[in-house]
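Undergrad: After the structure tokens below, expect a handful of questions from me.
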Amino acid sequence: RAATLLAVARESAAVSGGVAAPIKFFQGTQIEVESFGVVDPRPGYHTQHQLFPRGLSHTGTYALDCGLTERFKCEVLEGPGDAPVFRVSLDKGGRYGDPGSQEGAV
């Protein structure tokens, strides 16, 4: 499968030189990255091929087969010990779960 490169806005080099958030992706499901988080060196926050940046957060809209859409938020949270907590929350009128709650966490 061929990779598709997307042009993204960047913050000024004086700030951090990183990618400016939020970024919107539209390919099937609409995704908006709110925060890229920080790379955590602890073993549970990465594998040989993947990173799970603590604080990563994005929202999206998923189209259901019946024609309805559902908004959701995915987050990588600080977990107990050396493992992150992955939380997916449904939009509840513009609110996505209590930040201190583990509801929806895996």
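The values are calculated or read from the model by the stated rules, or taken from the named source; none is laboratory data. For clarity, every value in this text was computed on a predicted model and none was experimentally measured. Glycine gets a Cβ as well: all are built from the backbone with ideal geometry, and neighbour counts include every protein chain shown. Protein only, heavy atoms only, side chains kept; ligands, DNA and RNA dropped before computing areas. Shrake-Rupley method; radii C 1.70, N 1.55, O 1.52, S 1.80 Å.
Undergrad: Which one of Glu32, Glu78, Glu70 is open to solvent by 40 Å² or more (accessible area, probe 1.4 Å), acidic (Asp, Glu) and modelled with pLDDT of 90 or more?
TA: None of the others qualify; the one that does is Glu78.
Undergrad: How many of the residues in segment 81-99 are open to solvent by 40 Å² or more (accessible area, probe 1.4 Å), under 21 Å from Gly44 (Cβ atoms) and at pLDDT 65 or above?
TA: 5
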